[in-house]
1. Could you figure out which of (1) modelled with pLDDT of 85 or more; (2) over 23 Å from the mean Cα position of the chain (by Cα) isn't true of L48?
2. If I filter region 137-148 down to residues being more than 14 Å from H90 (Cβ to Cβ) and surrounded by 14 or more Cβ atoms within 10 Å (Cβ to Cβ), which single residue comes out as modelled with the lowest pLDDT?
3. Does S69 meet the test of being of a type in the set (S, T, Y) and at pLDDT below 85?
4. Quick one: what pairs do we get from region 115-136, first residue open to solvent by 50 Å² or more (accessible area, probe 1.4 Å), second part of a helix (DSSP H, G or I) and not acidic (D, E), C-beta under 7 Å, 6+ apart or different chains?
5. Could you list all residues from region 17-29 that are open to solvent by 100 Å² or more (accessible area, probe 1.4 Å) and acidic (D, E)?
6. Starting from residues that are touching a residue at least 12 places away in the same chain (Cβ under 8 Å) and not in a loop (DSSP other than H, G, I, E, B), keep the ones in region 137-151 and report whichever is farthest from Q98 (Cα to Cα).
7. Which of the residues belonging to region 52-66 are at pLDDT 55 or above and surrounded by 10 or more Cβ atoms within 10 Å (Cβ to Cβ)?
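The values are calculated or read from the model by the stated rules, or taken from the named source; none is laboratory data. Values in this document were obtained by computation on a predicted structure and should not be read as measured data. Methodologically, a virtual Cβ is constructed for each residue, glycine included, from the backbone with ideal geometry; neighbour enumeration extends over all protein chains shown. Quick note on the areas: whole protein, heavy atoms, side chains included, nothing else; ligands and nucleic acids left out. Shrake-Rupley method; radii C 1.70, N 1.55, O 1.52, S 1.80 Å.
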Amino acid sequence: MTDPAVLERIATRRSELDGLEEQLAKHLEEVHAERDELVVAEQVSARLSEKVAAAQATTAPVSAQVGGSGAPPVPHRAPGVDKGALPPEHQRILAVVQQAAGPVMTRHVGEALGLDTEVRGALEPLRAKLSKLADRGRPRKLPDGKFTARL
């Protein structure tokens with residue numbers, strides 16, 4: 001004959017274990033579902049990476065979007081980076097500065113490029129390009145605002 005208290009404790013413990021088993025089964029089901037989602041995410045990521053790599057291999061260099069216009073980036077002066085890496089307009093500006101006998105003002109560069117230097121504000125975009133080139137180590141900007149070729 002079994003003690004009723006022992007039978008009650010066994011039944012209580014069995015009930016606790018049944019509840020724990022349900023929780024673990026539910027949690028295990030969630031783990032499997034998340035693992036399946038991760039497998040799909042890995043596959044999608046791999047496909048996207050392949051597409052991006054293929055697109056980059058077949059397209060020309062992308063120009064940066066600056067101020068509403070597609071402006072190609074101006075690289076910093078560094079060994080192995082020649083002026084051919086500059087956008088064509090910047091190459092022309094740099095050529096004028098390099099061909100000058102000495103330091104040149106923005107107005108003189110504008111005249112050499114055929115810009116209408118009499119129009120107020122017409123030289124500001126040119127001055128900005130010259131300054132950007134100087135910031136990237138191409139011409140040198142002197143304290144008086146003139147530009148000269150780097151050696």
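1. It fails just one condition, (2).
2. Quick first cut of region 137-148, residues more than 14 Å from H90 (Cβ to Cβ) only: 140-146, 148.
Going one step further and asking which of them are surrounded by 14 or more Cβ atoms within 10 Å (Cβ to Cβ), we end up with 140-141, 146, 148.
Details: R140: 83, K141: 88, K146: 88, T148: 86.
Among those residues, the one meeting the criterion is R140.
3. Details: of a type in the set (S, T, Y): yes; at pLDDT below 85: yes.
Judged against the criteria, S69 is a match.
4. Close Cβ pairs satisfying both conditions: L115/L126; R127/T106; K129/H90; K129/I93.
5. First, pick out the residues of region 17-29 that are open to solvent by 100 Å² or more (accessible area, probe 1.4 Å): 21-24, 26-27, 29.
Answer for region 17-29, where residues must be open to solvent by 100 Å² or more (accessible area, probe 1.4 Å) and acidic (D, E): E21, E22, E29.
6. Top of the filtered list is F147.
7. Filtering region 52-66 for residues at pLDDT 55 or above gives 52-59.
V52, A53, A54, Q56, listed by residue number.
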